[in-house]
1. What angle do you read, to the nearest 10 degrees and between 0 and 90, between the alpha-carbon axis of helix 151-163 and the longest principal axis of the chain?
2. Per residue, how much accessible area does the chain have with a 1.4 Å probe, in Å²?
3. About its Cα centre, how strong a charge dipole does region 1-128 have in debye, to the nearest 20, once Lys and Arg get +1 and Asp and Glu get -1 at the Cβ?
4. So what is the calculated 222 nm ellipticity per residue for the chain, using -39500 (n - 2.57) for each DSSP H run with n of 4 or more, over all residues, to the nearest 500 deg cm²/dmol?
5. If DNA, RNA and ligands are ignored and the probe is 1.4 Å, what is the ranking of 162, 143 by accessible area, most exposed first?
6. Taking 7 Å along the Cα-to-C-beta vector as the label spot, tell me the residue 176-residue 13 distance in nanometres, rounded to one decimal.
7. Let me check I've understood the local charge: for residue 111, count other residues with C-beta under 14 angstrom from its C-beta, Lys and Arg +1, Asp and Glu -1. What total comes out?
8. Find which of 138, 123, 156 sits farthest along the positive direction of the dipole of region 85-187, computed with +1 on the beta-carbon of Lys and Arg, -1 on that of Asp and Glu, about the Cα centre.
Amino acid sequence: MKLVYKEVFKSNEQLPLGTLPENAVKFKEPKNLTETTIKASLFALPALVGVALFIIGSRLLHGDLSINGTLPGMLFAFLTLIPHEFLHAICFGRDAEVELFIAPKQLSLFVISTQPITKARFIILSLFPNIVFGWLPLAVWMVLPYSAFFSNHLLTFSVISVLFGLGDYMNVYNAARQMPKGSMQQLSGFNSYWFLQKTSVS
């Protein structure tokens, strides 16, 4: 995988165009980054419900505990923004060229590659950083005994990292609903496409 930092994102015209097969179908998804940010926010509620279940689990294991947000936990979560995108990037595969963009107006970073990937890989690609930096640390926080010094930092870091993945959860939702079994996903410009691989007839 080759990761290339491009530039500050200003318009969709900056994004690479892939060579799509004739049977490629465009995802029903937002048309620009601003619309993506707005629609992805709808996934905050189910994400927070998931967080609440971990908090309930912690109370069941350890009893009542003091929960407070912390500045160090928040800052550390923001330090994982670039590693978050790197984990997305490596999932495109060894031969992929992946471009990294920073979008200051939307307070976001994102990677893009025109490498075709399977439906399963696309879903794993979307979820992988959120599992590593969000859900897995949250699970660790739940099972560890409460520590006044450590626990609230870890919880803050985990919850913010979970919420960083709202756009990724939307991608998984779109893939699960729109991509048939055995289909491939490919990015071209701002949009995702899916297609079924043609089989040769002998």
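The values are calculated or read from the model by the stated rules, or taken from the named source; none is laboratory data. Quick caveat: nothing in here was measured; it's all calculated off a predicted structure. With ideal geometry, Cβ positions are generated from the backbone for all residues, glycine too; neighbour counts draw on all protein chains shown. Side chains are part of the model used for accessible areas, which takes the heavy atoms of the whole protein and leaves out ligands, DNA and RNA. Shrake-Rupley method; radii C 1.70, N 1.55, O 1.52, S 1.80 Å.
1. Around 20 degrees separate the two axes.
2. With the other protein chains kept in place, the chain gives 57 Å² per residue.
3. Here region 1-128 has a charge dipole of around 180 debye.
4. Taken over the chain, the calculation gives -14000 deg cm²/dmol.
5. 143, 162
6. 3.8
7. Residues close to residue 111 contribute a combined charge of -3.
8. 123
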